[in-house]
1. If you find the alpha carbon centre of region 92-133 and of region 159-228, how far apart are they in angstrom?
2. Measure nothing but the geometry: give the 0 to 90° angle between the long axis through the Cα atoms of 111-124 and the longest principal axis through the Cα atoms of the chain, rounded to 10°.
3. Quick one: what do you get for region 178-315 if you divide its Cα Rg by 2.2 N^0.38 Å?
4. Calculate for the chain the 222 nm mean residue ellipticity that helices alone would give, adding -39,500 (n - 2.57) per DSSP H run of length 4 or more and normalising by residue count, nearest 500 deg cm²/dmol.
5. Among 92, 143, what is the fewest-to-most ranking by other Cβ atoms within 10 Å?
6. Rounded, prolate or oblate, given the Cα gyration tensor of region 245-304, with a/c below 1.5 counting as rounded?
7. Angle check, please: helix 231-240 long axis (alpha carbons) against the longest principal axis of the chain (alpha carbons), in degrees 0 to 90, nearest 10.
8. Assign one of three labels to region 147-205, namely rounded, prolate or oblate, based on the Cα gyration tensor with a ≥ b ≥ c the square roots of its eigenvalues; rounded applies when a/c is under 1.5, prolate when it is not and a/b is larger than b/c, and oblate otherwise.
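Please treat every number below as a calculation from the coordinates, not as lab data. Source: prediction; values computed, not measured. Note: ideal-geometry Cβ built from the backbone for every residue, glycine included; neighbour counts use all protein chains shown.
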Ligand code: HEM
Ligand SMILES: *[C@@H]1O[C@H](CO)[C@@H](O)[C@H](O)[C@H]1NC(C)=O
Ligand SMILES: *[C@@H]1O[C@H](CO)[C@@H](O)[C@H](O)[C@H]1NC(C)=O
Ligand SMILES: *[C@@H]1O[C@H](CO)[C@@H](O)[C@H](O)[C@H]1NC(C)=O
Ligand SMILES: *[C@@H]1O[C@H](CO)[C@@H](O)[C@H](O)[C@H]1NC(C)=O
Ligand SMILES: *[C@@H]1O[C@H](CO)[C@@H](O)[C@H](O)[C@H]1NC(C)=O
Ligand SMILES: *[C@@H]1O[C@H](CO)[C@@H](O)[C@H](O)[C@H]1NC(C)=O
Ligand SMILES: *[C@@H]1O[C@H](CO)[C@@H](O)[C@H](O)[C@H]1NC(C)=O
């Protein structure tokens, strides 16, 4: 009798141990610990990359700048509560959109292109691909189409149910010092190499005069231009941005090859031709550890491309929603419970896709 009781309680322990192994070994990875994976859609939407590529390729034929604009959208998404499509959410009764935060307002472009992509992807694979993943794919495809490196985009992000304009106000601004830039990046888990490599995205695209005009006429209220601005470049920029003139005029972020993704951003910094203060800081801050990284990327485009790829993958992992968190939005500008109410499923029609301005306009 005694030996039976011992053996019975032993059996209970064995069962408990095996149940524990089952819980941690099988159930947990399926729920909260799911990881991103480049082949996430290989069965459910195998052509997603080429679908996204076709839309972007078409748009870029008439609007080459759009490649830069789409890369930036992924950055502005990832730095605000993670890469979760929160940037795309519009104002509603319960959502305060990030799109009107100072770094985004009258600045981000391509929201309508994202909706065009979403429509094309929904037509092929309804309800499968998140808007956050469309931004990540759009960033890689845009980089490649502009002449930059390709990489395996990690996928499986889900879309947020919230936006956060307060966090969006904190996106890095063009007048930050190097220490401030480092802080903004380390807050996101990105180090100094990531900061220098990702700033290389300013090898294409444009910036508005209002964001750097202070460097041209009255730098930090000194009454003089920024001493780290090349004298010939200063004259060029002054003709684009007259003192007190229209702040919405734009200049190329890379004066040498404005629409090409290459290492020229770094060679510009070496001759004091960075457009934004935050660009030139990387090279002109005396004694900074970023100078040698700029020199390396300027000398070796392959080194830049390899670093950029690694840092983009790292940035793409920030605060992602996976597993059962978030949702797959049907329309990128609204959470599903609200787009259903508003009757906005499949709202980005082929007709509206022709319209310009970067915003959805055919509601
Ligand atoms: C290091 C901190 C950064 C600062 C302070 C910064 C700031 C800016 C500013 C002020 C503009 C011009 C916006 C306008 O004219 O309205 C701009 C444009 C741009 N930024 Fe950044 N940025 C930073 C990092 C990044 C990163 C990490 C990426 C992407 C990986 C990126 C990609 C771009 C692109 C592609 C454009 C041109 C967009 C277009 O032409 O539509 N930036 N950035
Ligand atoms: C892209 O352009 C080609 C040629 O004009 C056209 O046949 C195709 O339908 C377009 N695709 C998309 C997704 O817009
Ligand atoms: C955003 O830009 C619009 C148009 O220029 C302007 O009217 C509005 O005040 C800006 N919003 C914020 C929050 O700055
Ligand atoms: C935005 O983020 C801040 C900081 O994490 C948080 O305190 C605030 O509650 C968030 N707001 C919304 C609307 O989620
Ligand atoms: C930054 O992080 C990457 C890995 O993510 C690492 O390879 C690199 O050495 C780090 N750079 C610095 C300056 O810490
Ligand atoms: C520079 O800006 C400061 C502060 O706004 C102002 O007091 C000063 O007069 C300006 N200097 C010039 C030369 O515009
Ligand atoms: C300014 O640019 C010119 C080329 O336009 C270059 O020769 C010169 O070295 C640059 N000046 C500085 C201080 O980098
Ligand atoms: C979303 O908001 C933008 C302005 O940020 C507006 O242009 C667009 O029409 C809105 N989209 C929808 C689907 O309502």
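1. Here the two parts' Cα centres lie 23 Å apart.
2. Orientation of helix 111-124: about 40 degrees from the principal axis.
3. Rounded to two decimals, the normalised Rg is 1.03.
4. Values: 15 runs with 159 residues, N = 363.
Computed mean residue ellipticity for the chain: -13000 deg cm²/dmol.
5. Details: 92 16, 143 25.
Ascending number of Cβ neighbours within 10 Å: 92, 143.
6. Numbers: a/c = 3.11, a/b = 1.39, b/c = 2.24.
In terms of gyration-tensor shape, oblate.
7. Helix 231-240 sits roughly 80 degrees off the main axis of the chain.
8. Numbers: a/c = 1.73, a/b = 1.04, b/c = 1.67.
Cα axes put region 147-205 in the oblate bin.
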